[in-house]
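**Student:** Mind looking over this structure? Questions follow.
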Amino acid sequence: MKEQAHKRLNVGCGFDYRPGYVNVDMHQRHGPDVVADVLDLATFPSGFYEELVAQDVLEHVARSDVRRALFEWNRVLAVGGQIFVRTTELGGLVRALEAPEHQGIYDQERLIQNVFGTQAYQGDFHLSGFTEPLFRFYMWEAGFEVSSITLHQGVFLDAHARKLNDLGFELDRADTPAPAFVSQLFRAVLGREPNPEELRQETAALDGTSRRSLIMKLLLSDERKEIMARRVPPFPRALHRPGLLRRVARRAKRLVKAAVAPLR
Ligand SMILES: C[S@@+](CC[C@H](N)C(=O)[O-])C[C@H]1O[C@@H](n2cnc3c(N)ncnc32)[C@H](O)[C@@H]1O
């Protein structure tokens with residue numbers, strides 16, 4: 001099976017065919033090993049891959065599908081597996097567009113192309129864009145621990161991360177009876193038991209849909225989004241940090257505030 005020829009995936013490979021990887025693209029013309037949508041790697045096994053490269057592809061996914069893409073990439077990776085994402089960084093793009101040295105028409109067109117994509121064929125349009133805080137949030141929400149974020153050519157975000165946990169996809173692998181599976185899944189994804197109606201409905205739905213689809217449905221639910229938004233930790237900042245002087249001034253202001261607080 002081509003999908004399991006290697007333990008490394010290169011999704012949205014385009015012409016960047018990487019030996020030693022299973023190269024995946026939606027277009028046959030790029031000569032990938034497997035033609036597939038990066039949002040639905042249905043024929044790829046769960047928890048199998050040690051590395052996934054997604055270079056210049058996440059911005060081609062509709063904004064409303066970014067979570068789905070990252071959850072799907074989580075699913076195929078083994079716990080501890082590495083992920084590399086390169087995608088457009090809007091802060092860098094805005095700065096570059098405003099920079100005095102990029103005011104020539106050629107440079108402006110090139111940067112605008114980085115925002116919206118080359119638009120040469122279907123799949124070649126940019127449908128989403130990222131900032132560091134938002135990107136870090138999506139990765140955290142999808143069970144990844146980011147180890148580094150750097151700026152590439154001033155306008156792309158390069159991120160290395162590691163998969164921390166299975167998000168509930170591990171339940172798909174166990175041979176649990178349907179009602180017990182539904183209960184376990186609700187606990188794993190939403191941190192609560194299903195109510196009797198949910199238990200009945202979702203158990204019945206499993207006759208016509210896969211367990212994997214139900215896992216994705218709960219991961220994408222508004223309820224989980226709200227839970228995660230409430231738990232969001234403070235993320236470090238690596239890109240576009242304020243200059244040294246501004247950082248020193250902010251720290252001094254915080255120290256003065258803390259010193260005078262007990263006097264009030
Ligand atoms: C800008 S190219 C990047 C190619 C390569 N990764 C690189 O870094 O040179 C984006 C590629 O993603 C592919 N692509 C876009 N959306 C996709 C999707 N939903 N599923 C699979 N491939 C997709 C396009 O066909 C295209 O080959």
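Yes or no, residue by residue, for (1) more than 8 Å from the ligand (Cβ to nearest atom); (2) modelled with pLDDT under 95; (3) more than 20 Å from F130 (Cα to Cα):
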| residue | (1), (2), (3) |
| --- | --- |
| L9 | yes, no, yes |
| V24 | no, no, yes |
| A36 | no, no, yes |
| D40 | yes, no, yes |
| T43 | yes, no, yes |
| G47 | yes, no, yes |
| A62 | yes, no, no |
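**Student:** Say whether the condition of being part of a helix (DSSP H, G or I) and surrounded by 13 or more Cβ atoms within 10 Å (Cβ to Cβ) is met by at least one residue in region 232-251.
**Tutor:** No - not one qualifying residue is present in region 232-251.
**Student:** Is it the case that some residue within region 95-106 is modelled with pLDDT under 95 and surrounded by 13 or more Cβ atoms within 10 Å (Cβ to Cβ)?
**Tutor:** No, there is no match, as no residue in region 95-106 is modelled with pLDDT under 95 and surrounded by 13 or more Cβ atoms within 10 Å (Cβ to Cβ).
**Student:** Something else: Looking at region 11-22, which of the residues that are more than 25 Å from Q119 (Cβ to Cβ) and either touching a helix residue (DSSP H, G or I) at 6+ places or on another chain (Cβ under 7 Å) or hydroxyl-bearing (S, T, Y) (or both) is farthest from the ligand (Cβ to nearest atom)?
**Tutor:** Once the filter is applied, the top-ranked residue is V22.
**Student:** Only residues in region 36-59 that are under 18 Å from N165 (Cα atoms) count as the first member; pair them with residues that are basic (K, R) and within 14 Å of the ligand (Cβ to nearest atom), Cβ under 6 angstrom, at least 6 apart or cross-chain, and list the lot.
**Tutor:** From region 36-59, the pairs are E51/R8.
**Student:** Look at region 160-200 and say how many of its residues are assigned to a helix (DSSP H, G or I) and of a type in the set (D, E).
**Tutor:** 4
The values are calculated or read from the model by the stated rules, or taken from the named source; none is laboratory data. Keep in mind it's a predicted model, so treat the numbers as computed, not measured. For neighbour counting, all protein chains shown are included, and Cβ atoms are generated from backbone atoms with ideal geometry for every residue, glycine included.
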